[in-house]
1. Determine which single condition GLN205 fails, assuming it passes every other condition in (1) assigned to a loop (DSSP other than H, G, I, E, B); (2) over 30 Å from ASN134 (Cα atoms).
2. How many residues are among the basic types (Lys, Arg) and either under 21 Å from ILE259 (Cα atoms) or touching a Phe, Trp or Tyr at 6+ places or on another chain (Cβ under 6 Å) (or both) if we restrict to segment 192-220?
3. Return yes or no: is GLY221 at pLDDT below 95 and either farther than 16 Å from ASN168 by Cα or open to solvent by less than 70 Å² (accessible area, probe 1.4 Å) (or both)?
4. So, in segment 73-107, of the ones that are more than 15 Å from the chain's Cα centre (by Cα) and under 13 Å from LEU39 (Cβ atoms), which residue ends up surrounded by the fewest Cβ atoms within 10 Å (Cβ to Cβ)?
5. Could you grab me the full set of residues in segment 134-192 that are assigned to a strand (DSSP E or B) and open to solvent by 10 Å² or more (accessible area, probe 1.4 Å)?
6. So how many residues does segment 224-261 have that are of a type in the set (Ser, Thr, Tyr), open to solvent by 20 Å² or more (accessible area, probe 1.4 Å) and in a helix (DSSP H, G or I)?
Amino acid sequence: MKIILSILFTPLVIFLTSSDALAEIITKTVEYKQGNTVLEGYLAYDDSIQTKRPGVLVVHEWNGLQSYTKQRTEQLAKLGYVAFAADIYGKGVRPKNRQESAAQASFYRQDRKLLRARANAGLEVLKNLDMTDNSKIAAIGYCFGGGTVLELARSGAKVAGVVSFHGNLDTPNTEDAKNIKAKVLVLHGADDPFVPKQQIEDFEQEMREANVDWQLISYGGAVHAFTNPKYKGEIKGALYDRKADKRSWKAMKQFFKEIFR
């Protein structure tokens, strides 16, 4: 796979480590391909760490790889992980409004084979980095990305765990759950109108029948997109919830401690 690291993003995110040594969170765009399609991901890591470290693949919301996903990728780098945000839609494909976002998300949701291929292409980039400990890899995703990392797991990808934040839980073929090698954590808004009760019940049954190691945490009062501050109620059923955001991030960190120990 051809991978090209582009010019460093500016400004850099600077912070102090526990030893008070100055460290830099390095961020870079990474151009790569899935088939003949050029994709452009986003890499973040702590330059002060000299050894291999766990890797986390991040998958964006329905509006593509934009600022919110990049911020989350940088947050993971601050925790000591090498984090890579995959590009599902393709280089330069960054929806500008709800209609464009819905069209892109719908296209890939209707073609799960292609969706899985795009997610796996991003995973390969992460695995091929010299700094990544390939025995310790996880994938997380938000909304559209949450459903994507579940499809990544259903594809049989060799990852230690996947975390879905307010993502869709449905899949065309529940038999594919038998391919899951990862532990699964779903962080869900209990009042999310975009994920109906039947979809939750079907997902739980799917996980049970495939004997998957899974968890589903529901946050009372939270709806869709509860981790993203940009959702202020303009879209009915999608609203930021600070408490659920903090609790879900904490749950993810605890999950990582378990799978990476």
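1. So the condition that GLN205 fails would be (1).
2. Our first condition is that a residue be among the basic types (Lys, Arg); within segment 192-220, this holds for 197, 208.
Cutting the leftovers down to either under 21 Å from ILE259 (Cα atoms) or touching a Phe, Trp or Tyr at 6+ places or on another chain (Cβ under 6 Å) (or both) gives us 208.
Total meeting the criteria: 1.
3. Working: at pLDDT below 95: no; either farther than 16 Å from ASN168 by Cα or open to solvent by less than 70 Å² (accessible area, probe 1.4 Å) (or both): yes.
Spelling it out, it is not the case that GLY221 is at pLDDT below 95 and either farther than 16 Å from ASN168 by Cα or open to solvent by less than 70 Å² (accessible area, probe 1.4 Å) (or both).
4. The extreme case among them is GLY92.
5. From segment 134-192, those assigned to a strand (DSSP E or B) are 134-142, 161-165, 183-189; that's our starting set.
Residues satisfying the conditions are ASN134, SER135, LYS136, LYS183.
6. Final tally of qualifying residues: 0.
The values are calculated or read from the model by the stated rules, or taken from the named source; none is laboratory data. All values derive from a computational prediction rather than experimental measurement. Please note: Cβ atoms are built from the backbone with ideal geometry, for glycine as well, and neighbour counts cover all protein chains shown. When the accessible area is computed, the model is the full protein with side chains, heavy atoms only, and any ligands, DNA or RNA have been set aside. Shrake-Rupley method; radii C 1.70, N 1.55, O 1.52, S 1.80 Å.
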